[in-house]
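Below: one structure, written as structure tokens.
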Amino acid sequence: MLTPRPGAALRPWHLRPRWLTLLAVLAAVLVVVPIVSVGTNIFSGGTGGTWRHLASTVLPEYIATTLWLCLGVGIGSALLGVGSAWLVTHFEFPLRRSFEWALVLPLAMPAYVMAYAYTDLLQFTGPVQSWLRATFGWTRADYWFPDVRTVGGAVVMFAGVLYPYVYMLTRAAFIERGAGVFEAGRSLGLTPWRAFIRVTLPMARPAIVGGVALALMETLADYGTVSYFAVQTFTTGIYRAWFSLADRTAAAQLSMCLLGFVVLVLSLERISRGRARFHGTGLRRQPPRGTPLAGWRAALAVAGCLLPLVVGFIVPAAVLTHMALTEGDAHFGPRFIALARNSFSIAALTAVLAVLLALLVAYARRLDPAPLTRAAHWAAGMGYALPGSVIAVGLLIPLAQLDNALALWLKANFGWNTGLLLTGGIAALVYAYLVRFLTAALQTVDSALHRVTPHMDDAARSLGLTPARALKRVHLPLLRRGLLTAGLLVFIDVMKELPATLVMRPFNFDTLATQAYTLASDERLAEASTSAIAIVAVGLIPMIVLCRQIARDRN
């Protein structure tokens, strides 16, 4: 039980020691390091003719392919996300309540895992084309079949797994705006379709654009899918410059070009809103009343919701499960257990550190909302916009230099032959994960902390508690669920992360993601299925939590 201390000081907490602010600034500096490193290495020497060669040969292809990917994924994810959100919020039809939560399941399926599944399903020796030849007696020259390993195939993969970003935000916007604005449009003589197009959809525009921006950032950050499909983008160019050409400056320059695309996506998202403000009415908490559908209209609505779910989750999950059970990894056993242990241990370590850092940064901003703390909070949360390949290049260059200098100093002064302490172990890899996924933890902790009324702080201060003791005895018990959610999100993201892992991992350190990528790159898809389905299974954990929350939204 909390009791006041005699003579307890009631000074404002922001006048107490600024150790939290200093930690928040330190976290922000750690996140900014990769950007500064990439920016400074653009102007360093050593490129020779590499950059000129890239600029005259493959750079135009990188730009064109990236633009086509962004255009296709943006349109595809918007159509699937907005269409499915419109159906489940504005109509009543069979299985609507099930579709309402099931439509987020494709988020558990990494795009590169989905690419492996569809390649096995649709390739010349796969079951689909084999069935066509056996059924109709065709030979290879008798029919045409689309090649999945193209830019168009990559667009389908990305749109199929990333549309839930648009769906979740748009669905929440439709429910938040509620029946009020829709009925207002109907009262003005608009048909249901015109009321949706002219009233409901414009008010949901910020949510739609925000969801599309998230999908595009994930597309720009991907390496596994585009590499496996042999689609030339900036991420594949970065790895080629780093590993094949051994030119860190060219890799940094390509990284900055990729970062420019990320900035462009974020700028377009901000510009699309402009000065417009979209405020709900007093009826915004009343969910829209669904229009009952029957007959062919109900069947069409079911098909519209079933299509993205089948393409983005059911088919690839079924293919991977079948391959894993019938063939699977020949080394399943001790090798698989070692891979799972590596993945789980590094994901758990990163999750714990990310939650701790996020808690310190969020709490510092709550206690001291000064410009410095707000800037540190903003900078600490910008890592998710950085592709894993950019983070890897931006960290490996300065860490390698620091590592070599530290090893030489220890050997010269103490005679210790320590080797590479940072880049030779998992420290650099965990650092890269923290930069990439601290945003997920920070946003979740911020949301949980905002739900704690400031009166709790006032009560703790009146009892003479210091900020640290108030955090331990007052806030932490109230934040347990939010902290667990934050840790779970980071854990799953780390389990699926491929680009940063491929560059930053130490020698002889493999994870489920790298094992699946390596086997799939060798066209050993059946063996890759075991690791791939394990990643999907782990990714289902937060999806189940999210689905339960979605199911409660209507209650």
With each label point set 7 Å from Cα along the Cα-Cβ vector, what nm distance links Ala338 and Thr139? 4.8
Using a Förster distance of 41 Å, the FRET efficiency for Thr150-Arg97 (Cβ separation, nearest 0.05): 0.65
Just to be sure I understand the model, the point goes 7 Å from the Cα along the line to the Cβ. What's the resulting Phe124 to Leu408 distance in nm? 5.4
Given 95-102, 53-60, 151-158, the highest-first ranking by average Cβ count within 10 Å works out to 151-158, 95-102, 53-60
Just want the answer: with Cβ charges of +1 for Lys and Arg and -1 for Asp and Glu, which residue in Val128, Thr89, Val156 is farthest toward the dipole's positive end in region 57-188? Thr89
List the residues whose amide H sits under 5 Å from the amide H of Glu92, counting only those 5 or more places along or on another chain, with H placed 1.01 Å from N in the peptide plane. Thr291, Leu293
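No value in this document is a laboratory result; all are computed from the given coordinates. All values derive from a computational prediction rather than experimental measurement. Every residue, glycine among them, receives a Cβ derived from its backbone with ideal geometry; neighbour counts consider all protein chains shown.
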